[in-house]
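Below: the structure, in structure tokens.
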Amino acid sequence: MSKGNIGVTSDNIFPVIKKFLYSDHEIFLRELISNAVDATSKLKTLSSVGEVKGDLGDTRVRVTIDKKKKTLTVSDHGIGMTAEEVDKFINQIAFSGAEEFLNQYKDKAEAIIGHFGLGFYSSFMVSKKVEIFSQSYKEDAKAVHWSCEGTPEYTMEETIKAERGTDIVLHIDDEFSQYLEDATIEGLLKKYCKFLPVEIAFGKKKEWKEGKEVELDEENIINDINPAWTRKPSELKDEDYDKFYHELYPMQMDEPLFHIHLNVDYPFNLTGILYFPKIKSNLDVHRNKIQLYCNQVYVTDEVENIVPEYLTLLHGVIDSPDIPLNVSRSYLQSDNNVKKISGYITKKVADKLAELYKADKDEFAKKWDDIKMFIQFGMLTDEKFYEKATGFALYKNLDGKYSTLDEYMDSVREKQVDKDGNMVLLYTNDPDAHYTFIERAKAKGYDVLLQDGELDVHVMSQAEQKHEKLRFVRVDSDTIENLIKKEETAKDTYSDEQKEGLRKAFEGLLPSDADKLRYYVTCEAAAADALPVFLTQNEFMRRMKEMSAHQQGMSFYGQMPDSYNIVVNTNHPIIQELIGKETSEEVQEEVEKDGKKETVVKTVYSLANEDERLKQLIDIALLASGQLKGEALAKFVNRSVELL
Ligand code: ADP
């Protein structure tokens, strides 16, 4: 037997392992199984090139629990280690520069947690003693037994081991007894090892028979060794992709909308499958996340810095040995490889979407409502994606017809360009509420888009920034004549004075809940068959308010009261009948100014004896816009009955 000290001046290594890494201690199992799988894969490689002769026999990795001895064992039939190798790989702690690292970060637990894969040594996080029994594949190699109790001292001796490979035996610390529970271990294996390339066995398969769970002879294999993303796209059918989707997310009932198979080997290595899920509500957006693997070992589902943010809404797997997995998040963000990976994924997703649109526009359009949120989010947050997405981002009109912005602009160019050469696109977010406006627009031969998505306002603003002469206006934001101004706009023959009198008369009768709502009266020569009085809402102000709900730094707009224009239509016969009838009256009013009471003279306009009719007209306008409620509505109804 030999004794020695582990090759770092490391009275401090074990406390560090135990203390600082404890928040993530379950990863010890992932590390040990990865080593076992590596050793097995290496053996298979050696065998395939003829370095190892004969049949390899059983190559399963097994995990076993001995409750009496309080041990957890990971066994493989891989290449094994000779005594010299144990000395080199285990005794001289494999990570380089550990000593400086520890000195540098002594006081910063945060910096150490997750900073590096401690590999084999992570087993000391949960064990009071760890033993290695190993028999190398090499001819004439003697088996070796290594043992260490979490101090810098270890023992090493020759032993007898019947089979090639390595057993790692953990004597689990009392405070970590959960790692001696079958359910805990099975859970961890399913989490980290579900797609490892070598079979992992844990216990026996179980089956329900006559209300009892019985053990079968067959071993319980945890993993699928050939997950879909490691196979060639040409070998896979749509059903296979769907099946794999459910393997990844057993609780997900819906089929994905479509998938993208990623596969690069230059300038970095990356494979994976991304799925566009069917999202029913905002709630399940982040329920299933993209999983990140490193050579089929599960690493994390926190992919925020690796995949562009808008793509984190997708589901699926990404596997890359090139992503530095054991480093901190801030390091990841600045890593060039990671940036390239993220750029690549963006490009690949955009290309696939473009291809799908080109191949079958109708089929793509059918899925549009479900995928639109991802695409719009991407367009708004990633310039490169925006450029590509203009080729397949769709707009839907009220007839349910979908087209790209360019296609759509071409289709309305003839009618919807105003006298200044601006292309004006009309939209509604609520066809029922805007019914009369929509009818008027249609009567003019204009088309109306349905823009009721959460990100639509932002996307329209973005499109306006990119196209100089493009404006989106909601159909109710002005009279249709003003929305798309043509040379021959309707005119009336009244003088400004007459109109001002009428305006003031209406103004005197407005509802007054000025905190929340503000009304402005304007006189416009709208169409004779439009309503005598109607409401519009300024596009700019309304949109600023809507955007302020999602964006920081815009709360100024958010706090403004909603404001509406009450448009008095001077081309309508009823208004024409009223115009010129107004009278003005000078009234004295007491106001307080600098603490003193003062009397001022105000001119009050009114339409003698017509107040009830004006109120009725205002109420009709409010009613048509769904704004007449409560007491005001009751008054309106009563007044209507009286008028009848
Ligand atoms: P890493 O796996 O990151 O290199 P580890 O500390 O986990 O670091 O392991 C150090 C080395 O010990 C491995 O690179 C490998 O050469 C050897 N090793 C560990 N476990 C096994 C095993 N089960 N079979 C054969 N060799 C092993």
- Meets criteria (outside the structural domain of N569 (by TED's automatic domain parsing), modelled with pLDDT under 85 and within 16 Å of I566 (Cα to Cα)) for T489: no
- Of L170, L189, which residue is modelled with pLDDT of 95 or more and either surrounded by fewer than 22 Cβ atoms within 10 Å (Cβ to Cβ) or among the basic types (K, R) (or both)? L189
- Query: Out of all the residues in the range 338-364, which are surrounded by 17 or more Cβ atoms within 10 Å (Cβ to Cβ) and either without any contact (Cβ under 8 Å) to a residue 60 or more places away in the chain or among the polar types (S, T, N, Q) (or both)?
  - Reply: V338, S342, T346, A350, L353, Y357, F364
- Query: Got at least one residue in the range 446-463 being open to solvent by 50 Å² or more (accessible area, probe 1.4 Å), under 14 Å from Q416 (Cβ atoms) and at pLDDT below 90?
  - Reply: no
- Item | Residues of the range 228-246 that turn out to be exposed (fewer than 12 other Cβ atoms within 10 Å of the Cβ) and of a type in the set (G, A, S), as a count | 1
- When only residues in the range 316-329 that are buried (at least 22 other Cβ atoms within 10 Å of the Cβ) and at pLDDT 80 or above count, which is nearest to Y266 (Cα to Cα)? S320
- Residue check, K499 against (1) of a type outside the set (A, V, I, L, M); (2) out of contact with any strand residue (DSSP E or B) (no Cβ under 7 Å at 6 or more places or on another chain); (3) farther than 24 Å from F636 by Cα, all met but one. Which one? (2)
- Message: What pairs come out if I take residues in the range 126-155 that are more than 22 Å from H77 (Cα to Cα) and pair them with residues that are surrounded by fewer than 17 Cβ atoms within 10 Å (Cβ to Cβ) and of a type in the set (D, E) whose C-beta lies under 7 Å away, six or more apart or interchain?
- Response: K128/E149; K129/E149; P152/D11
- Query: Got a number for residues in the range 568-591 being among the charged types (D, E, K, R), at pLDDT 80 or above and surrounded by fewer than 12 Cβ atoms within 10 Å (Cβ to Cβ)?
  - Reply: 1
- Exactly one condition in (1) among the hydroxyl-bearing types (S, T, Y); (2) more than 14 Å from the ligand (Cβ to nearest atom); (3) modelled with pLDDT under 65 is not met by S96; state its number. (2)
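Yes/no per residue for (1) in contact (Cβ under 8 Å) with a residue 60 or more places away in the chain; (2) over 40 Å from the mean Cα position of the chain (by Cα); (3) within 11 Å of the ligand (Cβ to nearest atom); (4) surrounded by 17 or more Cβ atoms within 10 Å (Cβ to Cβ):
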position: F28; (1), (2), (3), (4): yes, no, yes, yes
position: L32; (1), (2), (3), (4): yes, no, yes, yes
position: N35; (1), (2), (3), (4): yes, no, yes, yes
position: K42; (1), (2), (3), (4): no, no, yes, no
position: G54; (1), (2), (3), (4): no, yes, no, no
position: V61; (1), (2), (3), (4): yes, no, yes, yes
position: K67; (1), (2), (3), (4): yes, yes, no, no
- Take the residues in the range 69-88 that are within 19 Å of K128 (Cβ to Cβ) and open to solvent by 30 Å² or more (accessible area, probe 1.4 Å), then tell me which one is farthest from the chain's Cα centre (by Cα). K69
- Note on the structure: The one condition S512 fails out of (1) assigned to a helix (DSSP H, G or I); (2) open to solvent by 40 Å² or more (accessible area, probe 1.4 Å) is (1)
- Note on the structure: Matching residues in the range 426-445 (buried (at least 17 other Cβ atoms within 10 Å of the Cβ) and not β-branched (V, I, T)) number 7
- Message: Criterion first (of a type in the set (A, V, I, L, M, F, W, C), more than 30 Å from V264 (Cβ to Cβ) and assigned to a strand (DSSP E or B)) does L170 satisfy it?
- Response: yes
- Task: Please name all residue pairs, on different chains or six or more residues apart, with Cβ atoms under 6 Å, provided the first residue is in the range 69-92 and is near the ligand (Cβ under 10 Å from one of its atoms) and the second residue is open to solvent by 20 Å² or more (accessible area, probe 1.4 Å) and assigned to a helix (DSSP H, G or I).
- Result: I79/K42
- Query: Restricting the search to the range 373-385, which residues are out of contact with any Ser or Thr (no Cβ under 9 Å at 6 or more places or on another chain) and surrounded by fewer than 19 Cβ atoms within 10 Å (Cβ to Cβ)?
  - Reply: M373, L380, T381, E383
- Subset of the range 386-407 that is open to solvent by 10 Å² or more (accessible area, probe 1.4 Å) and assigned to a helix (DSSP H, G or I) - its residue that is nearest to H458 (Cα to Cα): Y386
- Message: Kindly evaluate P250 against the criterion of being assigned to a loop (DSSP other than H, G, I, E, B) and surrounded by 15 or more Cβ atoms within 10 Å (Cβ to Cβ).
- Response: no
- Note on the structure: If we ask which residues in the range 431-469 are in a loop (DSSP other than H, G, I, E, B) and small (G, A, S), their number turns out to be 3
- Message: If I ask for residues that are under 19 Å from V61 (Cβ atoms) and among the small types (G, A, S), which ones from the range 124-183 would you list?
- Response: S127, S134, S136, A143, A162, G165
- Message: If I go through the range 126-136 residue by residue, how many of them are open to solvent by less than 20 Å² (accessible area, probe 1.4 Å) and within 13 Å of the ligand (Cβ to nearest atom)?
- Response: 4
- Message: I need a count of the residues in the range 208-227 that are open to solvent by less than 100 Å² (accessible area, probe 1.4 Å) and more than 25 Å from V63 (Cβ to Cβ).
- Response: 1
- Message: Suppose we filter the range 256-288 for residues that are more than 15 Å from T230 (Cβ to Cβ), modelled with pLDDT under 85 and not aromatic (F, W, Y); how many remain?
- Response: 12
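The values are calculated or read from the model by the stated rules, or taken from the named source; none is laboratory data. As the structure is a computational prediction, the values presented were derived from the model and not from experiment. Virtual Cβ from ideal backbone geometry, glycine too; neighbours counted across all protein chains shown. Accessible surface areas use protein heavy atoms only, side chains included; no ligands, DNA or RNA. Shrake-Rupley method; radii C 1.70, N 1.55, O 1.52, S 1.80 Å.
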